[in-house]
Amino acid sequence: MPESRPSLLTEDGAAPGAPAEILLELVDDEGVTIGTAEKLWAHQQPGRLHRAFSVFLFDRQGRMLLQRRALGKYHSPGVWSNTCCGHPYPGEQPFVAAARRTAEELGVAPALLCEAGTVRYDLPDEASGLIEREWNHLFVGLVTDEPQPDPEEVDDFRYVTAEELKALEAEKPTSVWFRTVFEAALPGIREIAGPSW
């Protein structure tokens, strides 16, 4: 049975004076869709398991494209993370959502995008008090165009080698999910970017 949250909505489905709710797809422990929930509510303790995606793109030199999340983000603002991550709309295929959000956030379309498995996790974020309970679809690929990021989504970006990533993680905060999704995607990353990863 789908989880829901009561709310006072206008005829078009939005709370008075607020933007329309963003709905996420809730899933069971097998990744099967069981309903929808409002985005922020799904990330509040104790959290609701929902569908997500993470993208890792590499340039022709085998360097990973990272982004620093915009300071205005409700979750993990100002920290470094993988190329792109997000949530499909209910009923949207994760592959389609991954390509769409990469274009929306970074202003580039992947030249190649391949599935790299899934990973499930429950990761609390002490800084925000939110929790990531996600069934995450992983994608790896190539980017050949220069990013033109949306400043409301991305504060900065950079390309890093495997060694530079280690140094960055030692010096700077990264998103609570980064290391988990990176390690889960490593077999696919190595197929795209080589064994140095």
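The values are calculated or read from the model by the stated rules, or taken from the named source; none is laboratory data. Being a predicted model, the structure only gives us computed values, none of them experimental. Glycine gets a Cβ as well: all are built from the backbone with ideal geometry, and neighbour counts include every protein chain shown. SASA here: full protein model, heavy atoms, side chains in, ligands and nucleic acids out. Shrake-Rupley method; radii C 1.70, N 1.55, O 1.52, S 1.80 Å.
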Exercise. Considering only residues of the range 87-96 that are under 11 Å from His137 (Cα atoms) and open to solvent by 60 Å² or more (accessible area, probe 1.4 Å), which is farthest from the chain's Cα centre (by Cα)?
Worked result: Gln93
Exercise. Just to be sure, is Thr33 at pLDDT 90 or above, among the β-branched types (Val, Ile, Thr), over 27 Å from Pro195 (Cα atoms) and open to solvent by 10 Å² or more (accessible area, probe 1.4 Å)?
Worked result: yes
Problem set entry | Matching option when the condition is at pLDDT 95 or above and surrounded by 15 or more Cβ atoms within 10 Å (Cβ to Cβ), among Leu112, Leu130, Leu138 | Leu138
Exercise. Name the residues in the range 127-149 that are farther than 16 Å from Gly117 by Cβ and in contact (Cβ under 8 Å) with a residue 60 or more places away in the chain, would you?
Worked result: Gly129, Leu130, Ile131, Glu132, Arg133, Leu142, Val143, Thr144, Pro147, Pro149
Exercise. Can you tell me which of Leu66, Leu57, Leu71 is at pLDDT below 95 and not small (Gly, Ala, Ser)?
Worked result: Leu71
For this session: Tell me which residues, restricted to the range 181-197, are open to solvent by 50 Å² or more (accessible area, probe 1.4 Å) and in a loop (DSSP other than H, G, I, E, B).
Result: Pro195, Ser196
For this session: Filter the range 122-147 down to residues that are among the acidic types (Asp, Glu) and outside any loop (DSSP other than H, G, I, E, B) and give me whichever is nearest to Thr33 (Cα to Cα).
Result: Glu134
Exercise. Can we say Asp122 is within 18 Å of Trp80 (Cα to Cα) and either at pLDDT 95 or above or in contact with a Gly (Cβ under 8 Å, 6 or more places away or on another chain) (or both)?
Worked result: no
For this session: Looking only at the range 99-106, decide whether some residue is outside any strand (DSSP E or B), over 23 Å from Glu183 (Cβ atoms), open to solvent by 10 Å² or more (accessible area, probe 1.4 Å) and in contact (Cβ under 8 Å) with a residue 40 or more places away in the chain.
Result: yes
